[in-house]
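Below you'll find the structure, written out as structure tokens, and then a few comments.
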Amino acid sequence: MRLPAQLYRQFDADPALAVPGEGYGGWHTVDVDLSPAHTALVVMHAWDCGAPHDYPGWRRAVEYTPRAEKILAEVFPKMLAAVRASPLPVFHVVGGGKDYYSHLPGYQRAVRLTSSAALPTRVSPDPVHEQLQRLRTAQGSPGAHNTADIAAGFAKLDFAPAARPVGDEGIAENGDQLAALCRAQGINHLIYTGFALNWCLLMSPGGMIDMARHGCLCSTIAEATTAVENRETAREEREKQQALWRVSVEFGFVFKLADFLKALPANHANSRQ
């Protein structure tokens, strides 16, 4: 499976320049060979977040939701249909604190492979810790007046219709479970899609940091994700560009959707999902 990929050439800084980093080569295209037998598509936190009027406080705190919904409508159907018609398996990474997945065979398989669904043991809070967390909520993110809507939205959390698992596609809620699915199917390269690239796909359980520690290459498809932006970056989506750079220099490759779909081989064997 040969296709173009984007890499950021993070060399050579030029000490002769006033800003040495401006000597870096920047983005360029390389041709890469992927092994379909060892590569999987990951759909992470592709949620149904309700209509805008359902949880307005959630929309006020999470500005990328309209972009995510556009990607779910325009990118996910053709992308998942193509991958499911190929030898590549689809894995799903879930989360959000609500159980909308444990009844599915793909999750039960992940639990059997790890013999555990346990999350990391948390440290004990004290009154100062709790005060600091309340301050962050009120004055940082998401704003105290938005928390009730966010809690109500997460209480109803579910897969987005376009991202719902099919059959026994593997479902993991943490890195150990996703690594177990990878080991069981010989997967060592994960191509992440979902929301959001610089947040959950990077840092949440089962994200790129977790899976890089398990030895996986972690790549992404640029059109199949978006990022958490702030007031200064939202118009130009600069945080997404920064996150794509991070994927390239730390975790794997950045693929364009058209190149990825064109390169997918037909599945002439039984499904590996």
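Laboratory data are not the source of any read-out in this text; all were calculated from the coordinates shown. Source: prediction; values computed, not measured. Using ideal geometry, Cβ is built from the backbone for each residue, glycine included, and neighbour counts are taken over all protein chains shown.
Put simply, the amide H of Arg164, placed in the peptide plane, has no neighbours under 5 Å, leaving out anything fewer than 5 places away on its chain. Taking GluC sites (Glu not before Pro) across region 1-73, the ones in a DSSP loop with at most 15 further Cβ atoms lying within 10 angstrom of their Cβ are Glu63. Work out, in µm²/s and without decimals, the Stokes-Einstein translational diffusion coefficient of region 143-232 at 20 °C, 1.002 mPa s, Rh from Kirkwood over C-alpha pairs. For these conditions, the coefficient is 144 µm²/s.
Near the amide H of Val32, within less than 5 Å, lie the amide hydrogens of Leu3, Ala5, all on another chain or at least 5 residues away, with H placed in the peptide plane. Annotation: lysines with alpha-carbon distance below 29 angstrom to Lys156 (same-chain offsets under eight excluded): Lys70, Lys78, Lys98, Lys240. Note on the chain: GNM, Cα springs under 10 Å; of Thr137, Thr226, Thr114, the largest mean-square fluctuation is that of Thr137. Taking amide H atoms as placed 1.01 Å from N in the peptide plane, the amide H of Ala224 has no partner under 5 Å among residues 5 or more positions away or on other chains. Build a GNM of the chain with springs between Cα atoms under 10 Å apart, and of Gly206, Gly143, Gly95 the one that fluctuates most is Gly143. Under a Gaussian network description of the chain, with springs only between Cα atoms under 10 Å, the residue in Val19, Val249, Val228 that fluctuates furthest is Val19.
Rounded to whole numbers, the Karplus 3J(HN,Hα) couplings from phi for region 63-72 are 6, 7, 3, x, 5, 4, 5, 5, 5, 4 Hz, using 6.51 cos²θ - 1.76 cosθ + 1.60 with θ = phi - 60°, and x at Gly and Pro. Using only DSSP helix segments of four residues or longer, with each worth -39500 (n - 2.57), what per-residue ellipticity at 222 nm results for the chain after dividing by its residue count and rounding to 500? Taking each H run of at least 4 residues, the total per residue is -9500 deg cm²/dmol.
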